[in-house]
Every structure is written in C-alpha cells, then in structure tokens.
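Each value in this text was obtained by applying a stated rule to the coordinates, not by laboratory testing. As the structure is a computational prediction, the values presented were derived from the model and not from experiment. Counting neighbours? That spans all protein chains shown, and the Cβs are built from the backbone with ideal geometry, glycine included.
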Amino acid sequence: MFDIRIICDPADEPDITRALTSAFDCDPIERRPARDGYRIRLYTKAFHPYPDTPRSNSSSSA
C-alpha cells in the first residue's frame, strides 16, 4: 500500500481519476482545494495489483 497525492487542474481530474483506478486498486479518492484556490488536491491509498496467476513452466516430453 502507498499514499498518492496529486495536485492538478480541475479539468484534468476525470482523466487522472480514471488512470489511477485502472492502474491500482484504490480507496475512494478524496478531493480537496489546493492552497492557490484554483487547483485541486486528490488523495488516495493505492494497493499494488495482484500479479496474474503464475503459469506452470512444466513441459512433458515423451
């Protein structure tokens, strides 16, 4: 698990949210105003996705 904080333009929020949720298993994304009053801050906790089930490397030769 790791924390993510992104400061972005409000117009970029939908694309960033889609990218985060497709790349990671995330907690709900919190949205807060940035200190400059224009941009926003996005906060979430992300979890590394589980790797695919390993394939068996065994091969039988007769």
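Here is how the numbers come out for the structure above:
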quantity	calculated
In order through region 10-18: 3J(HN,Hα) via Karplus (6.51 cos²θ - 1.76 cosθ + 1.60), integer Hz, x for Gly, Pro	x, 5, 8, 4, x, 5, 5, 4, 4
Region 19-52: trypsin sites (Lys or Arg not before Pro) falling in loop per DSSP and having at most 12 other Cβ within 10 Å	Arg35
